[in-house]
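Following: one structure in structure tokens, then a few remarks.
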Amino acid sequence: MKEKILIVEDEKDIVKMLEYNLKKEGFQVISSRDGEEALDMAVRDNPDLVILDLMLPGLDGLEVCKILKKEAKTAQIPIIILTAKSQESDKVVGLELGADDYVTKPFSPRELVARIKAVLRRVHDKDKLPEAYRAGDLVIDFARITVSVKDKPVDLTAKEFELLKTLVKAKGRMLSRDFLLDNIWGYDHAMEIQTRTVDVHIRTLRKKLRSEAKRIITVKNYGYRFELEED
């Protein structure tokens, strides 16, 4: 079945035009005209991509983007920001909040469809892991589920390996503690004591990775990311 697209836009004519063009390409389409409803739909309907207008009644698009990227259940959904605003600052803020692309009105429906397909391809490619991954002295064999640093084996628990794998798979993107809990431990809407579970495992993982521990970066008040490149 083709991917599901959530359109968050308060202008009826634009919604109709997008629905027509996306359905013609075989996509499933759902839509919302305000931010609060869009957040509920993103959790309930689990879309494969969100087209998000910035100028929305009530909760604006940037706030919607921020919440979607912070919540564990929606953090990995790609977002294309669609707005009449063309100022560089708006583009930068949207991308810093985690949006994957930015299209300014007026736009060509064909161009937007091409952008959607490109973002979805990148997401699918990102989900594919090689059999083995190397970063400096760290080598992870995903097929054999083994890790080594400077050719010496590192003994990880199943949860520690999944945690490392998830961080590497994110390819430098920040992952919240809630996202990690939901995806690795299966906790939903983590409480404080559960959130500390991630910190404890990260601390142990860093000790075991020794000289390569520096690759696991703490993002204050948010979570963690994996440093792909050498400093």
Q: For segment 75-92, enumerate the residues that are open to solvent by 60 Å² or more (accessible area, probe 1.4 Å) and within 20 Å of ASP48 (Cα to Cα).
A: GLN76
Q) For LEU95, are the conditions met, namely being part of a helix (DSSP H, G or I) and closer than 18 Å to ILE51 by Cβ? A) yes
Q. Which of the residues spanning segment 130-150 are part of a loop (DSSP other than H, G, I, E, B) and either among the β-branched types (Val, Ile, Thr) or at positive phi (or both)?
A. GLY136, ILE145, LYS150
(Q) Given the options ALA42, ALA118, ALA72, name the one that is among the aliphatic types (A, V, I, L, M) and surrounded by fewer than 18 Cβ atoms within 10 Å (Cβ to Cβ). (A) ALA118
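Quick one: would you say ILE67 is aliphatic (A, V, I, L, M) and either under 20 Å from LYS117 (Cα atoms) or in contact (Cβ under 8 Å) with a residue 40 or more places away in the chain (or both)? Even if it seems obvious, please write down each step before you answer.
On the way: aliphatic (A, V, I, L, M): yes; either under 20 Å from LYS117 (Cα atoms) or in contact (Cβ under 8 Å) with a residue 40 or more places away in the chain (or both): no.
Answer is no for this residue.
I'd like to know if segment 15-25 contains one or more residues that are under 22 Å from the mean Cα position of the chain (by Cα) and open to solvent by less than 50 Å² (accessible area, probe 1.4 Å). Outline the logic, then answer.
Narrowing segment 15-25 to residues under 22 Å from the mean Cα position of the chain (by Cα): none.
No, segment 15-25 contains no residue that is under 22 Å from the mean Cα position of the chain (by Cα) and open to solvent by less than 50 Å² (accessible area, probe 1.4 Å).
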Q: For residues that are modelled with pLDDT of 80 or more and over 18 Å from the mean Cα position of the chain (by Cα), scanning just segment 171-197, find the one that is most open to solvent (accessible area, probe 1.4 Å).
A: ARG196
Q: Pick out the one residue from THR166, THR83, THR104, THR74 that is under 26 Å from MET41 (Cα atoms), modelled with pLDDT under 85 and of a type in the set (Ser, Thr, Tyr).
A: THR83
Q) Can you name the residue in segment 98-109 that is open to solvent by 10 Å² or more (accessible area, probe 1.4 Å) and part of a strand (DSSP E or B) and, of all such residues, is nearest to ARG173 (Cα to Cα)? A) ASP101
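Criterion first (modelled with pLDDT of 90 or more and either touching a helix residue (DSSP H, G or I) at 6+ places or on another chain (Cβ under 7 Å) or among the aliphatic types (A, V, I, L, M) (or both)) does LEU112 satisfy it?
Details: modelled with pLDDT of 90 or more: yes; either touching a helix residue (DSSP H, G or I) at 6+ places or on another chain (Cβ under 7 Å) or among the aliphatic types (A, V, I, L, M) (or both): yes.
Answer is yes for this residue.
The values are calculated or read from the model by the stated rules, or taken from the named source; none is laboratory data. Computed from a prediction, not measured in an experiment: that's the story for all the values here. FYI the Cβ positions are ideal-geometry reconstructions off the backbone, even for glycines, and counts take in every protein chain you see. Ligands, DNA and RNA are excluded from the accessible area calculation, which covers all protein heavy atoms including side chains. Shrake-Rupley method; radii C 1.70, N 1.55, O 1.52, S 1.80 Å.
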